[in-house]
Structure formats: C-alpha cells, structure tokens
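What follows is a single structure, written as structure tokens, with notes after it.
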Amino acid sequence: MNPILNLLSLLGIVGLCFIAWLGSEDRRIIPWKVIFWGIGLQMVVGLIVFLLGSNLVEGLSSFLNVVLDASEAGAKFLFGGPASMLVAEPNFAAGPGPAGRWIARTVGNPFVAVAGDRLSTDNLNPGFAYVLAFRALPQVIFFSGLVSLLYRLNIIQPVVKWFAVIFQKTMRISGAEAMAGAANIFVGIESAIAIKPFLLDMTRSELCAILTSCFGSIASSVLALYAGLLRPTFPSIAGHLVSASIMTIPACFVISKLLIPETGEPKTLGHIPEDKESDSSKRPNPMDSLIGGALDGVKMVVGIAAAIIAILGMVALINAVFNGISTLVLGASPTDDSSLVTQFFANPLANLLGMLFLPLTFLTGVSLDWQELWTCSLLIGRRLFETNIPPYQALGVFAQSGELSTRALLVVSYVLCGFTHFASYGIFVGGLSGLIPERRNEVASLGFKALWAGTLATLMTGCIAGLFDIGNAAVLGR
C-alpha cells in the first residue's frame, strides 16, 4: 500500500471534474448536488467492494464464473466436442508425461511453466493460447440470450428501477435519464427504448447524459468477453466488472452535467417513468426471448468481429506507412534502431495515444513508476481506436508476465470497463438518432461530447479503485 498513490487517486477525481468543467457549455452553472451525490455513490460502492464486501464480490465472481463456464457448452459442442482443444475445459487435466503435459497445456489452457518443462512460452503459438473467435465471441451470444430471457421473466426490471430510484432521489436528475442510466448496467443503447416516449421532448443535457451512460458502462452481453480475457490472472474479474459498470453510471451523470449543465425543465423531473414495454402480453414466450436474444447476440458478434478486423487492419496500415516514412527519412528501421524517434515510429498510433492519455492516466494514481505508468497509458489510449478487446488481452499478458503490479491491473481493468471508443460512436449515436430522427443533428453534435464525458467517467471509476486499493492481492481473487 502506498498512501501517496491513494491520495493521488483522490485528487484525480477532483482533477477530472475540473477538466470536464473547463469544457462546459456554461461554466457559471455548477451542478453541486449531482457532483456531491454522484461521487458519494461511487465511494459507497467502492467502500463495499474493496473494504467491507470483498466476500460479496468474490461470491458474485464465483457465481458468474459458473455462468461463464456454462456459456462455453455450446461452443464446445460446435468446435470439437467435450475434448475440444479450441474451447478447453476450465479444469482441463494435462496428459501423462512431460511432453504430453506440455503439448496439452500449449493448445489448451494458457501455458504456465512448471518444473520439468524443457520448452518455454517462447515456443508457444499465441493463436492457440486463447482463440478469441472460439472462446469469447460465443459467450456474447449466450449472454445476449440469457439477458433477453431474464427481461422476459421480469427479473431485471425491478433491479433497474431500484437503481433508477437511487440515482433520481440522490442526484435530483430526471426520472427518464435515471432509468436509462440504470438500464445501461445491463444493456447498451437498448436502454433508450424504455424511455422512447420521452426522448423527443428531452433537454440537451438529458440527451448528453443518456449517451454518456451508454459510452461509460458495458452491456452484460459483453461482460463474459472481457472477463474471459482476464480470468486466468484476475479470477474475480467478473464481479469487479459488474461493480465498475455500476460505479461508472453516477460518474457519467457528474461529468455530463458538468459538460452540459441542465438549463431547462425536464418533463420527468421528480418521478420515474413507467416502462411502456414491460407488459408480458406484448412480449414473446420465454423460449422465443432466449432464441431472439441469441440471434441479437449473433448480430453483435458479427459487428465485433468486423470492427476488430477493420480497425486493427487500419491501425496496422497506418503503422506501416509511418514505418516506411521512418526508414526513408531517418534511414533506419524501427526494428534495428533503439533511438526514441525510431521506436516511436515502430508503433506510432499507440504511442501518440499513450502520450495524450498520460496525464489522465497519472491522475488515476495507478503508479509512480514511469515504465508502468507508460504501459498503463498505452493500454488506456489504445481503447479509443482498437475497442476494449485488444487492451484487455494485452493487460492479461502483462499481468501474467509480472510487468504490471496488482494495483495497476486493478485500476486499468476498471478504466477499460466502458464503450468509450470510436466503434461505439456510430452504434450509440445512430441508435439514438433512429429513435428520434427529428433531432438527428443535435444527437450527432452531442456524440463526441458524450464520448469525451464517458472517457472521463471511466477514468474517475479507475480513481475510485485506486483510492480504495490497500495493496491486498486477495481483491483479485488469487
């Protein structure tokens, strides 16, 4: 435990609010009640998660891990059956003898060296360590169907309304934006459907808050994807992702109300609107809900795969262009020159984003070690273009190799828990514009402000994690 880092995380909360206020549309209006209660709610959740309720988080993680394991049953059947090495059993037993044991662990579970191995991780084919398409993407389909089923059985709605009442009563925001923010803990842009009748007459501040909540939190359908990437090194990651998603919603309201203060009179101020679509007679039967949700998950998986292929391909192309410029202008390739300039051109886009996010990453109190701070900033910066998946994968690799401390792993995993990247811009702005086409131009103009607000909100959540981190490795579930 380093009290200086804890203090830095506390000051980082103030610093992020100040940065948001600097970009405010009206700096004369400061929503003190939203700021006080929003940060207060975050700290209450942080206190429960890190100091008082660690057993609760561990229990939640254990339950979710069972669900995660169950979600791979269909993938196992499709991709090789019970003995599939593409979708290995979580407790897969290695074969007999050193050679058989090494081979099984190479193509099965992530490789961990033990006494007697003559080969190391350098001999591994990284593609077989964790095949994203066979392991993570099918889980998105399962979770999408599961959430749809839970909605049909009216299990999620009471929880959403409970959170909405807390947000509305404490921060004194409108009921519609509170409902949308609470629903974002479980779903994405679909949360706006519950308040569709009120969208057309919403104030500019309300629309920004709804978009910010979409960017700042993660849908439960992709929780499995992120949890699977970090589970080997962070066994209780599932519970922490849930707490991060809950914790970020108040931060989204704080930042969005600082950027675009409320100057109008919301129509749902003082009460929570009823969900017009909650009547079970208007919904399909449970099996139809499960299958329909799974089909929606298929669309999401196709979108995720397409985005990863297109975006990572463009990033590689941009890097290749800069590498060529480096070779022509400097006369040296980044691979054979150790100077700072040529090393920058080796991965220019990630390095540029790392530099831009470095001051913000510092404010989270993640570390005082320069190399570790830079690594964390690179991970957080990459999210803007590459989505969350490559950074989460890299975070797991860094944690397994010991390059990142427990604190860094914890804080960065909280910061990355959000849809604050360009790939989501089209989804959220397009989705909300489709519900209120009359205000399409206004929604589009709010999109980048909401993306910036969501980014600051996830960083604030990382500050809360850093504030309550006391150096206890048990918080990771190890």
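Approximating the spin labels as points 7 Å out from Cα along Cα→Cβ, the GLU265-to-TRP21 distance works out to 2.9 nm. Peptides 384-391, 223-230, 260-267 ordered by packing proxy, namely the average of other Cβ atoms within 10 Å per residue, highest first: 223-230, 384-391, 260-267. Computed from the alpha carbon positions, the gyration tensor of segment 365-478 leads to an equivalent ellipsoid with semi-axes of 32, 14, 12 Å, biggest first.
In this model, which of LYS169/LYS299; LYS161/LYS257; LYS33/LYS299; LYS76/LYS449 are farther than 32 Å apart at the alpha-carbon?
Working: LYS169/LYS299 37 Å; LYS161/LYS257 22 Å; LYS33/LYS299 40 Å; LYS76/LYS449 42 Å.
Distance filter (> 32 Å) returns LYS169/LYS299; LYS33/LYS299; LYS76/LYS449.
In this simple spin-label approximation, LEU200 and ARG28 carry label points 7 Å from Cα along the Cα→Cβ vector, and these lie 3.3 nm apart.
What net charge is computed for the residues neighbouring TRP37, neighbours being all others with C-beta under 12 Å from the C-beta of TRP37, Lys and Arg scored +1, Asp and Glu -1?
Counting the neighbours of TRP37, the net charge comes to +4.
The calculated FRET efficiency for the pair ARG440 and ASN55, based on their C-beta separation and a Förster distance of 60 Å, comes to about 0.80. For segment 392-453, averaging the sequence separation of C-alpha pairs within contact (under 8 Å, six or more residues apart) and dividing by the residue count gives a relative contact order of 26 percent.
We did not get these values from a lab; they are worked out from the coordinates using the rules stated. Keep in mind that this is a model prediction, so the values were computed, not measured. A quick note on method: Cβ atoms are made from the backbone with ideal geometry, for glycine too, and the neighbour counts reach across all protein chains shown.
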